[in-house]
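Below is one structure, written out as structure tokens; comments come after it.
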Amino acid sequence: MNKEFESKIMADDNSRRNALFFMDALADVARESFLILDADFRIISANRTFYKTFLFSPEQTEGLFVYDLGNGQWNIPELMNLMKKILPDKKIVRNYEVIHNFEMIGKKIMVLNAIQIDSAQLIILAIEDITARKDLEERFMEYNKILEITILEKTKDLAGRIEELEKINKTMIGRELKMVELKNEIKNLKKKVKNGNGANGNKGDNGNGKHLAHNGRNK
């Protein structure tokens, strides 16, 4: 092995070690789960969030192929498609959603972001657990549907009540009009009665404004 080739290997190793150091440091403070893999998908390291979220220890994780993790629980078709087909071509994959049921932790909805670093022969896989958020969104949508149905029913009920009130209002207006007509009729009748009494009130009048004289002589 010539010195130039040896120097290149050492430089590559140093670059890889430096890259690993910085990646580990960044991943350890991240809120998302992180896996650092080699080019063969063997797990080099994982961060605390990963261990906490997926209930693994470093001893159960490091050195394993990602698809052997958890006795094969991570042999997820969508994940394998991402790692073996999509990533080698694109080098960077963003917002790749995967849904999977795990034995220990149940259903998880995950958003994967991955980058392949050819110079260091490393793959960085970020895993965001959005299960709780998706569950909340589904509940919110369900609540909205129930609310819409309730509002629709209330609107129909209110429309029915308005229609009933309009009918009652029309009936009341009709009755009021009839009462006005009746009052006017009574008023007219009173006038007629009053006028009739006035015409026949002076029985001694001969029609010319003169009163008839009584004959006071005895027969």
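Readers should treat all values here as calculations from the given coordinates under stated rules, not as data from a laboratory. All values derive from a computational prediction rather than experimental measurement. Glycine also receives a Cβ, built like all others from the backbone with ideal geometry; neighbour counts cover every protein chain displayed.
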*Give me the net charge of D129's neighbourhood, meaning all other residues with Cβ under 15 Å from the Cβ of D129; Lys, Arg count +1, Asp, Glu -1.*
+2
*Looking at Q73, L125, N113, which one has the Cα that reaches farthest to the positive end of the dipole of the range 43-162 (charges on Cβ: Lys, Arg +1; Asp, Glu -1)?*
N113
*Roughly how many whole Å is it from the C-alpha centroid of the range 41-80 to that of the range 124-148?*
25
*Please turn the phi angles of the range 172-183 into ³J(HN,Hα) values with the Karplus equation 6.51 cos²θ - 1.76 cosθ + 1.60 (θ = phi - 60°), one per residue in order, whole Hz, x for glycine and proline.*
5, 4, x, 5, 4, 4, 5, 5, 5, 4, 5, 4
*With Cβ to Cβ distances under 14 Å as the rule, what net charge do the other residues near L189 carry (K, R +1; D, E -1)?*
+4
*Net charge near R175, counting Lys/Arg +1 and Asp/Glu -1 over other residues with Cβ under 14 Å of its Cβ?*
+2
*asked:* Rg and Dmax in Å for the range 97-140, alpha carbons only: what are they?
replied: 14.0, 46
*Would you mind calculating the relative contact order of the range 62-127 from Cα pairs under 8 angstrom and at least 6 residues apart, reporting the percent as a whole number?*
22
*Of K108/K145; K52/K84; K52/K108, which ones are farther than 18 Å apart at the Cα?*
K108/K145; K52/K84
*Between R133 and R42, what length in nm is gained on full extension when 0.36 nm per residue of separation is reduced by their alpha carbon distance?*
29.7 nm
_Positive-pole candidate from L182, I149, L165, dipole of the range 132-195, charges at beta carbon_ = L182
